[in-house]
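To start, the structure under review is shown below, and the notes come after it.
The values are calculated or read from the model by the stated rules, or taken from the named source; none is laboratory data. Bear in mind the structure is a predicted one, so any value in this text is a computation, not a measurement. Positions of Cβ are generated from backbone atoms using ideal geometry, with glycine treated the same way; all protein chains shown enter the neighbour counts. Side chains are part of the model used for accessible areas, which takes the heavy atoms of the whole protein and leaves out ligands, DNA and RNA. Shrake-Rupley method; radii C 1.70, N 1.55, O 1.52, S 1.80 Å.
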Amino acid sequence: SSSFASRVYMRSLATRQSNLSVSKYIADAVNILKAAAYDLIILETSGIGQSDTAITDFSDVSLYVMTPEYGAASQLEKIDMLDFADVIALNKFDKRGALDALRDIKKQYKRNHNLWEAKDEELPVFGTIASQFNDPGMNQLYVAVIKTIADRTGVDLKSTFQISEGMSEKIFIIPPNRTRYLSEISESVRNYNAKADAQSEIAGKLYGIKQTIEVLEANGEANTTIIESIQKAYEELELSLDGRNKKILTTWKSKVEAYAQDEYIYTVRNKEIRVPTYTTSLSHTRIPRVSLPRFKSWGEILRWVLQENVPGEYPYTSGVFPFKRKGEDPTRMFAGEGNPERTNRRFHYVSLNMPAHRLSTAFDSVTLYGDDPNRRPDIYGKIGNAGVNIC
């Protein structure tokens, strides 16, 4: 048995044949469990065909579970369990066409049992989503199964479970129209990289043409017609360069000069912030805090800005702030030692009277202390892997 509870016994029986849904020893197994005085015995088949009803010979109450992918509505006439089953569950009710399938199954159930005047809501056919917690269809199915067992066997089964009216409906963590959001992100990144490469190549060609024109003009012996044709080619190619990228190239020199100053000045919420751009080593060497590449080619400059850039500027590969602020060191503490409320109280305590109320949370206390997360054998977390509570 794979069940730890002493009140539950579970056993799998192989059918040994592909055309059988139950083992030939199922009757003996049921008799043994009856002799052991178990209150409820649940039999599950290995999946049956349209005409297989063998399970009904061993059960007082039968539940038939199916999905919307049964084919055309005419296929329902071939499913014998729609005649013999006491309760029918249409699982995976969140699938496309599930409502139509539920309607067709109820129609077939009425035909099979001559219930022409019965209302749809009175039929023991339920749409369920078993993978969803507190699913209305599963709750209704549970109550129906309990009631059917009590009616058929006379056992005094009374459930105090309160069900809610309504039909199963999938509760999406991610909306259906956003299920491809990860693919969309990767596509956006690939498209951006491809565009950056293309624009960098254009900028590189423009730089080469510009250098050619300057050399010819400096030589003074070139034919004016040649220079004009090259200039025309430059102007036509320049139309393919994005205006924002052109601005990057025109402002590159001023950006280099700004980082070469002793202080870098930027504004946050209308407040001017001045940050020293250099640190001094023990040997009195000036070390720049932000070092820009010494590229000359427009293509290399544009590629670097589009793919890396300085801190505080898109695409923020070096961080979202221009410089690391000083004097705001966060409070360092572990999380996971207690519930979220205790973690929160501990943070307020350790950050009391600190110059900056910022938290740096570590989740590796288990690794540091070398403790197992739990002594129970069914918790498989090893040292270094543990769940934590944060708030």
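What the table below lists for this structure:
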| read-out | value |
| --- | --- |
| Cβ-based charge dipole, the chain, positive-most Cα from 196, 142, 176 | 196 |
| Chymotrypsin sites (Phe, Trp or Tyr not before Pro) within the stretch 43-124, DSSP loop, no more than 15 other Cβ atoms inside 10 Å | 58, 116 |
| Extreme residue, positive dipole direction of the chain, given options 312, 264, 239 (C-beta unit charges) | 264 |
| Along each principal axis, Cα extent of the chain, largest first, Å | 107, 65, 44 |
| Rounded FRET efficiency, nearest 0.05, which uses the C-beta distance separating residue 40 from residue 116 and R0 of 51 Å | 0.90 |
| Across 210/246; 107/147; 195/255, pairs whose alpha-carbon gap is larger than 18 Å | 107/147; 195/255 |
| Gaussian network model of the chain, Cα within-10 Å springs - most flexible of 23, 62, 360 | 360 |
| Total charge dipole magnitude, the chain, about the Cα centre, Cβ charges on Lys, Arg, Asp, Glu only, Debye to nearest 20 | 1300 |
| Share antiparallel - DSSP beta bridges, the chain, percent rounded to 5 | 45 |
| Cross-link partners of residue 95 among lysines (Cα-Cα below 17 Å; sequence separation of 8 or more within a chain) | 170 |
| Greater than 24 Å apart at Cα, pairs in 296/324; 34/158; 92/158 | 296/324; 92/158 |
| Computed over the chain: relative contact order in percent, which uses C-alpha pairs under 8 Å that are six or more apart | 8 |
| Once the Cα gyration tensor of the stretch 70-136 is diagonalised, semi-axes √(5λ) in Å | 20, 14, 11 |
| Accessible-area composition of the chain, carbon plus sulfur, in percent [1.4 Å probe] | 51 |
| Value of relative contact order over the stretch 11-161, rounded to a whole percent, pairs C-alpha under 8 Å and six or more apart | 17 |
| Solvent exposure of the chain as accessible area per residue, Å², 1.4 Å probe | 71 |
| Angstrom value of the Kirkwood radius, inverse mean 1/r, which spans all Cα pairs in the stretch 237-279 | 12.4 |
